[in-house]
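Have a look at the structure below before the remarks.
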Amino acid sequence: MADTGFITDISASELRTIALEVAHEAGRLIVDARPDELLVATKSTATDVVTDMDQRAQDLIVRSLVDRRPRDGFLGEEEGDTHLGESGITWVVDPIDGTVNYLYGVPAYAVSIAAVTGDPRVEGAWTTVAGAVVNPVTGEAYSAARGEGATREDRSGRLTSLRASSVDTLGQSLVATGFGYAAARRAWQAAVLADLLPDIRDIRRIGSAALDLCRVAEGSVDVYYERGLHPWDLAAGWLIVTEAGGIVSGSDGEPPGERLVIAAGNAVRDSFVMRLEQAMSACNVTSD
Ligand code: LIP
């Protein structure tokens, strides 16, 4: 039974099963109950959208988790009662990661649910012990439990153990990234990308950090990096990458967080981090 640190009443694999079950439930809701007219509001900027289905999915996830584990804590992207709970486990949830894709009907969005220990509101003060990322359109369900590896289950039930890529040269690396909702941030991210692009194989912009991290874990991209992520964007994907033999970090050895998240296969990680930091220092960070 995998170690969940000081949590005694449940194993990491049982938490993984709960994360998968609840993510599939919410996935069915956002696909099957999607109204013809989505109600859309904005958050940090005019392009940072939230739909009524983001909130409905989070409310369903909270109900399902409280039913199963009433003493656990909760931190979600949308409106909701953030609390740490008494059990030592906190659920970190993004009900629809890739909301813009969901709005446009691009089949690259996911429900991301992670069970963490520590305080997910404080960078560096928490660790994921189990997590699941479900793309309800493709049916792909990625999951991991600490010390138990990472898998992808597809709609036919086929289970694949995940291994991050073994690419060892920057020039051969397929890199995924993302852009924020604020124009100044995007301008800076574009400048960093323009500096990087001549030295990598190519770029992919998928539109969901949770799915980008799962792609690093399965090796369908070699590297992913992004600035501006929240705990709910990365909590589950982080463990799925590390249990697949990849590395997730911030820059300068910091923990992954708002400033930067880098996920990569072991063999190319160091040369990519060095090249990215060169690009970031070449582009005046203060404009971000
Ligand atoms: C999205 C992230 C994506 C990022 C977007 C946005 P959301 O999360 O998954 O990587 O590029 O700007 O933050 O808003 O769809 O939950």
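What the table below lists for this structure:
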{"read-out": "Gyration tensor (alpha-carbon) shape descriptor, the range 92-168, a/c threshold 1.5", "value": "oblate"}
{"read-out": "Estimated vicinal HN-Hα couplings, Hz - the range 52-61 in sequence order (Karplus 6.51, -1.76, 1.60; Gly, Pro = x)", "value": "4, 6, 4, 5, 4, 5, 5, 4, 5, 4"}
{"read-out": "Relative packing of 24-33, 193-202, which averages over residues the other C-beta atoms within 10 Å, highest first", "value": "24-33, 193-202"}
{"read-out": "Cα-based Rg of the range 1-94 normalised by 2.2 N^0.38 Å, two decimals", "value": "1.23"}
{"read-out": "Value of D in µm² per second that Stokes-Einstein yields for the range 72-117, Kirkwood Rh from Cα pairs, at 10 °C (1.306 mPa s)", "value": "139 µm²/s"}
{"read-out": "Share of Cα-Cα pairs in the chain lying beyond 25 Å, as whole percent", "value": "44 percent"}
{"read-out": "Candidates Thr169, Thr117, Thr242: whichever shows maximal mean-square fluctuation once the chain is modelled as a Gaussian network with Cα springs under 10 Å", "value": "Thr169"}
{"read-out": "Simple spin-label estimate for Asp52 and Ala125 in nanometres, 7 Å along Cα-Cβ", "value": "3.7 nm"}
{"read-out": "Orientation-averaged projected area, Cα convex hull of the range 75-225 (nm²)", "value": "10.8 nm²"}
{"read-out": "Mean Cβ count within 10 Å, highest first, over the residues of peptides 157-167, 89-99", "value": "89-99, 157-167"}
{"read-out": "Solvent-accessible area, 1.4 Å probe, carbon plus sulfur percent, for the range 20-148", "value": "52 percent"}
{"read-out": "Hull volume in cubic angstrom per residue (convex hull over the Cα atoms of the range 207-278)", "value": "78 Å³"}
{"read-out": "Principal axes of the range 152-210: Cα extent on each, largest first, Å", "value": "43, 30, 12"}
{"read-out": "Potential extension, Glu79-Ser281 segment - 0.36 nm per residue separation minus Cα distance", "value": "69.1 nm"}
{"read-out": "Computed helical MRE - 222 nm, the chain, DSSP H runs ≥ 4 contributing -39500 (n - 2.57), nearest 500", "value": "-11000 deg cm²/dmol"}
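The values are calculated or read from the model by the stated rules, or taken from the named source; none is laboratory data. Predicted, not measured: the structure shown is a model, and the values here were computed from it. Neighbour counts run over all protein chains shown; Cβ positions are idealised from the backbone, glycine included. The accessibility values were calculated without ligands, DNA or RNA, using every heavy atom of the protein model including side chains. Shrake-Rupley method; radii C 1.70, N 1.55, O 1.52, S 1.80 Å.
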